[in-house]
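Every number in this text was worked out from the coordinates using simple rules, so none of it is lab data. In this text the structure is predicted, and so the values were computed from the model without any measurement. Here the Cβ is made from the backbone with ideal geometry for all residues, glycine too, and neighbour counts use every protein chain on show.
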Amino acid sequence: MFEDQIRRLGLIRDGEPIVTPTSRLLPVRWKNTSDMLNVVTLPEEVIGGALLAWWNGRGAARILVREGSAIVLERAENRIRLADLARTGRDDEATAIICGVAAELHTARPQPPPPLVPLSHWFEELEPAGATHGGLLAVAERTAAALLTDQRDIGVLHGDIHHGNILDFGPRGWLAIDPKGLVGERGFDYANLFCNPDLADPTIPVAIDPHCFERRVAMVSELGGLSRQRLVQWILAWSGLSAAWLIADNVSPTTSSGSLNWRQRSCIVDERSIRPICAVPTGLDHGRYSPPM
């Protein structure tokens, strides 16, 4: 599976392959360091490699070798995981770490970034899902449309910040992996952490707890310097988009890879938590969804 890259790049196998929907991964040794070979299988994933190279190890894993669809990057070998922190009473600590990494990734660089995907393009599948299924998905779609037409604080985005994509690299600290490479409003990059780590293992609920949700909103808005109103609107918009993707992939509510069924995923932002913090943007009605009083 990796023979060509191993031969051309002078790598030594150092573990078993890992196959994901978008990549083939192999732990390797390169020049006496412990690294990871990542060969992407979708053309759009090449953008993430280009963005990692642009970050050059600041806030993200450092790329050591890059050749077409293959990259060799430093490997995280520490066993501490943010998801474990969140599930064992240390969610504030995990949230603070995520915010710190996001801030580093969002710091301006002197060099221009590589070509990136506009955030509006990223949300394209939400509109038909909202029209078809209505309810909270329609609310999410209208909220996203209002945000996307009035984006603020625009910059380079990771696009998939969550507990599983920020790893402990020991002396190098906590660093991001697997960016999608987007450009748009900075606040969007924080939305996905509010759906996690529950999506990986819904048997230990953290994100869907109303008190946890509200505490995270307070922390992230303060640490990230974000408007609470827009942050919660981005969470609602992102949850709807995530649900739309699951619907498009025909993920069953009982499929483990879906973790939460699409209705749970879109409703993870409970309007009982949203209402005290923000309202749906002016001029947007609630369609068939009536928030509880």
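Data table
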read-out: GNM top mover of PRO205, PRO21, PRO197 - the chain, alpha-carbon springs below 10 Å; value: PRO21
read-out: Rounded to whole Hz, the Karplus (6.51, -1.76, 1.60) HN-Hα couplings of the range 30-47, x for glycine and proline; value: 9, 6, 6, 10, 8, 9, 9, 8, 10, 10, 6, 10, 10, x, 5, 6, 4, 4
read-out: Spin-label pair ILE18/ARG90, simplified geometry with 7 Å Cα→Cβ offset, distance in nm; value: 2.0
read-out: Cα centroid separation - the range 174-192 against the range 78-99, whole Å; value: 18
read-out: Among ALA60, GLY10, ALA70 - extreme Cα towards positive end, dipole of the chain, charges at beta-carbon; value: GLY10
read-out: With Cα atoms, 0 to 90° folded angle of helix 91-106 axis to the chain main axis; value: 70
read-out: Reciprocal of mean inverse Cα separation for the range 82-274 (Kirkwood radius, Å); value: 16.8
read-out: MRE, 222 nm, helices only [DSSP H, n ≥ 4, -39500 (n - 2.57), over the chain, to nearest 500]; value: -11000 deg cm²/dmol
read-out: Modelled FRET efficiency - R0 25 Å, ARG7 with GLU125, Cβ distances, 0.05 increments; value: 0.05
